[in-house]
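Every number here is computed from the coordinates shown, using simple stated rules; none is lab data. All of these numbers come straight from a predicted model, not from anything done at the bench. Glycine also receives a Cβ, built like all others from the backbone with ideal geometry; neighbour counts cover every protein chain displayed.
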Amino acid sequence: TITTIVPLTGTQSPRPRSASSGWTFGAIGMSLPHDELAFAETLVHELQHVLLGVVEDLIPLVHPDRDGGLNYAPWRDDPRPADGLLHGSYAYLGVTAFWRRQYLASQPDGRLRAAASYARWRAATLEASRALARSAALTTRGRSFVTAICETLAGWQAEPVPAEAERIAADARIEHRVR
């Protein structure tokens with residue numbers, strides 16, 4: 001599905017910058033990640049946006065005229081309208097699934113990072129998706145779509161991760177919300 005990666009230049013940061021557009025199917029832009037897991041996470045994230053763009057071309061999920069408010073998005077520093085929260089929720093559903101697989105399959109040296117990332121995004125994405133599920137902006141199919149996201153994420157909440165990973169994840173969620 002991803003056929004073209006356009007390098008984005010600028011300052012390197014701990015979180016790579018990336019972008020995709022419904023107008024450029026299969027192409028993503030991304031900055032240089034700091035390691036291979038960040039590269040893979042970014043690919044998964046942007047793939048989710050590309051796939052959701054295809055779904056939205058076929059099935060309206062959000063009523064643009066009913067989207068009157070902005071919502072907290074745990075992956076951005078600015079609040080998002082319902083359409084942005086939908087895209088973020090779906091993208092981070094993929095990111096959460098990526099870190100879940102990494103945690104379950106990782107070697108001991110990478111297990112804490114994977115567990116903390118999994119714990120952070122499963123909780124944060126569920127919170128955002130539940131807020132989105134209450135939005136009047138969703139179409140009937142959009143509500144079903146978001147309900148499925150919530151059900152998947154809710155099912156992962158009880159999976160055990162090390163206490164240290166939960167603490168790191170909670171600290172990251174709190175730091176972001178405060179900021």
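Peptides 121-128, 78-85, 43-50 ranked from most to least packed, by the mean per-residue count of other Cβ atoms within 10 Å: 121-128, 43-50, 78-85.
Extension gain for D109-V54 works out to 16.0 nm (0.36 nm per residue, less the C-alpha to C-alpha distance). Note on I174 and T139: the model spin-label points, each 7 Å out from Cα along the C-beta direction, lie 4.2 nm apart.
Which value, in debye to the nearest 20, describes the size of the charge dipole of the stretch 46-179 about its Cα centre when Lys and Arg Cβ atoms bear +1, Asp and Glu Cβ atoms bear -1, and nothing else is charged? Walk me through the numbers on the way to the answer.
Numbers: 17 positive and 16 negative charges, 57 e Å.
That gives a dipole near 280 debye.
Taking the DSSP beta bridges with both ends in the chain, the antiparallel portion is around 55 percent. Modelled label positions at H63 and D78, each set 7 Å beyond Cα in the direction of Cβ, lie 2.6 nm from each other.
Helices of the chain meeting both criteria, an alpha-carbon length of 27 angstrom or more along the long axis and an average Kyte-Doolittle score not below 1.6, with helices taken as full DSSP H segments, do not occur. For the pair E166 and A40, a Förster radius of 30 Å applied to the C-beta separation gives a FRET efficiency near 0.85, rounded to the nearest 0.05. Work out, in µm²/s and without decimals, the Stokes-Einstein translational diffusion coefficient of the chain at 20 °C, 1.002 mPa s, Rh from Kirkwood over C-alpha pairs. Approximately 127 µm²/s, per Stokes-Einstein.
One-quarter of the Cα convex hull surface for the stretch 120-179, in nm²? Each step should come with its number before you reach the end.
Working: hull surface 18.1 nm².
Mean projected area for the stretch 120-179: 4.5 nm², to one decimal.
In this simple spin-label approximation, T24 and T152 carry label points 7 Å from Cα along the Cα→Cβ vector, and these lie 2.5 nm apart.
Centroid-to-centroid, using Cα positions, the stretch 64-78 and the stretch 83-150 are 16 Å apart.
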